[in-house]
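Engineer: Questions regarding the structure given below will be posed in turn.
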Amino acid sequence: MRPSPLPPRVGEVSQGLRSKPRDNGGAKLKARRLQTLTPIDAPAKTLSGHVPHEWGTLGRSNRLRSGGLETTAVRTLGALAVIAAFACASALAAEPLGRVEIGASAPGFTAQGADGLQHSLGDYAGKVVVLEWTSPVCPYTAIKYRRGLMQALQRRAARQGVVWIAIDTAAPDRPGYLTPEAARARITSTRAQVTAFLSDPDGRIGRAYGARTTPTLYVIAADGRLAYQGAVDSDPQASRPDQPNPVAAALDDLRAGRPVRVAETRAYGCAVEY
């Protein structure tokens, strides 16, 4: 049995004619040079109903020459499709961060602490509460603890009867994620003076408050309304715990019964690991 001939090429089939064109004096080469179809404007099939093998199939790298420029059409279109699909999936997966305005009620939450117990914001109703977004892998957080700045602020808050809750917002597959055992070890190693150390692996608490960086601190007044949010201090390289900072000032204002004079600052640090 004789093998079936290859399907005709674009430019070799004319209406009512299925025989091969004669090759006299480079007719085939001339026909190919006159061909100007691109993958965008070319038809899906030739007049004979065959898909021209110059275009190939999906996943094949078929190079088309036009004006001396070489384009890997199928590969490029495939890559663009993959990129577009990935971007859409990422956009759907990402949940927007919320924002709590100064003076608004602080969002309630319940989470597991390093002590194995469940802690709720409502447990501390009627008290001033500080929420500290922290991370064991952030150098900005590390420098505050290494130089004793965060611990000094925590001790000052404790003397005023303030509740201090550290929150680690990190998914289990992120470097900053801490198991309860690791969280307890961190509290011991840093000598942190915290009321509770909470884990926020799904990011619900962080998203509710709009936490973007570590360290970021929120001060909740005794009436449950947000009184301060932002940076722990104004200097990422601060080296003395006695330097004034907006968190201490906010606590002093609340203790004195006056409005917080600086209620919001721009936080700096490492991105929260949602």
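Engineer: How many residues are touching a helix residue (DSSP H, G or I) at 6+ places or on another chain (Cβ under 7 Å) and either without any contact (Cβ under 8 Å) to a residue 24 or more places away in the chain or β-branched (Val, Ile, Thr) (or both) when one looks only at segment 153-193?
Structural biologist: 5
Engineer: Quick one: in segment 201-255, of everything that is of a type in the set (Asp, Glu) and within 28 Å of ALA171 (Cα to Cα), which residue is surrounded by the most Cβ atoms within 10 Å (Cβ to Cβ)?
Structural biologist: Only one residue tops the list, namely ASP233.
Engineer: Based on this model, can you work out whether ARG155 counts as within 21 Å of ARG240 (Cβ to Cβ) and among the charged types (D, E, K, R)?
Structural biologist: yes
Engineer: It is to be established whether one or more residues within segment 148-158 are under 22 Å from the mean Cα position of the chain (by Cα) and either surrounded by 15 or more Cβ atoms within 10 Å (Cβ to Cβ) or modelled with pLDDT under 95 (or both).
Structural biologist: No.
Engineer: Looking only at residues that are free of Cβ contacts under 8 Å to residues at least 60 places away in the same chain and assigned to a strand (DSSP E or B) in segment 98-121, which one is surrounded by the most Cβ atoms within 10 Å (Cβ to Cβ)?
Structural biologist: Looking at residues that are free of Cβ contacts under 8 Å to residues at least 60 places away in the same chain and assigned to a strand (DSSP E or B), I get THR110.
The values are calculated or read from the model by the stated rules, or taken from the named source; none is laboratory data. Predicted model, so just to flag it, every value in this text is computed and none were measured. Quick reminder, even Gly has a Cβ in these numbers, built from the backbone with ideal geometry, and neighbours come from all protein chains shown.
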